[in-house]
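Here's the structure we're looking at; comments come further down.
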Amino acid sequence: MYSRDREKLIVDNLPLVGYLVSALCARATHLSRDDLASVGAIALITSADSFDPTLGVPFGAYARRRITGAFADEMRSNDWAPRSVRRRIGETLAAQDALAASLGRTPTVDELSMTLGVSRQEVHAALDDAGRSVQTLDETVLDIVPAAADQLPEASLLADEQVRHLRTAVTHLPARMRHIIEQVFFEGRSVTEVAVELGTTHSAVSQQKSEALRLLQDGLATHYADAAETPSAPVSRISPKRRAEYLSALGTALSPLRETTVSLTTARAAFASAS
């Protein structure tokens, strides 16, 4: 690619970096906008360096994958909570669960404060920290929809297909699980907020969220894997009947998508022959 074309790609897509930084910081206010902007700009430049227009993938889609991947690496390398904060979160949530079990309802901040022997402000701070949600759905299910190591352009096309399947899988979750996943990952709400809305504990919602993700993994492993792959053992812990009902409904919903999108095997072969 000519130097002028490369520079134009970078300049034209700088607003994309700003948009992605703003979207992430709106959901995770503790992150540094300046640090993310620097990380995103570097990812944009490296995207322009490695972009191959002959593959037919729009540069914006390719760069977006590289930028969000760089953001994920940055967040993984910077753990926001020191050990003392994590200990405080654990103690607060344990007290919340114990009180909820004995009272039959979600305890108030005053009740938690008295139980823990700390101020209301400290309880609020611990609950706020516990409720921080810095992950997107795509980040949490990397084991369900693995990303290509080098994020090549063909991976962007395959990832778009995978996301469509993933969102269909979410739609067909049992109602309560679907609500929790949509609120936490699509609406950017914290687990604590969802627990208050549902009138239950942080721990209960967290467990439901984890089980929903395991069920998504079962669904995608069953209906999305290449035909040549050996079916994997289920990882969800719900009853076999409920799992079978979910897998059946999901299979019916995914059938039209399979007819309009190429399989992973076909896509890989097509890109390999074009490269």
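Before moving on, here are some points about what is shown:
- Set side by side, the residues T222, T230 differ, and just one is at pLDDT below 90 and out of contact with any helix residue (DSSP H, G or I) (no Cβ under 8 Å at 6 or more places or on another chain), which is T230.
- Here the condition is being of a type in the set (S, T, Y), touching a Lys or Arg at 6+ places or on another chain (Cβ under 8 Å) and open to solvent by 30 Å² or more (accessible area, probe 1.4 Å); of T46, T68, T54, it holds for T46 alone.
- Condition check for Y19 on (1) within 23 Å of the chain's Cα centre (by Cα); (2) open to solvent by 40 Å² or more (accessible area, probe 1.4 Å); (3) modelled with pLDDT of 85 or more; (4) hydroxyl-bearing (S, T, Y): one failure, at (3).
- Of the residues making up the stretch 23-43, those that are part of a helix (DSSP H, G or I) and open to solvent by 50 Å² or more (accessible area, probe 1.4 Å) are A26, R27, R33, D34, D35, S38, I42.
- Boolean, V123 is of a type in the set (A, V, I, L, M) and either on the phi > 0 side of the Ramachandran plot or modelled with pLDDT of 80 or more (or both): yes
The values are calculated or read from the model by the stated rules, or taken from the named source; none is laboratory data. Bear in mind that the values here come from a model prediction, so they are computed numbers and not experimental data. Reconstructed Cβ throughout: ideal geometry from the backbone, glycine too, with neighbour counts over all protein chains shown. Side chains are part of the model used for accessible areas, which takes the heavy atoms of the whole protein and leaves out ligands, DNA and RNA. Shrake-Rupley method; radii C 1.70, N 1.55, O 1.52, S 1.80 Å.
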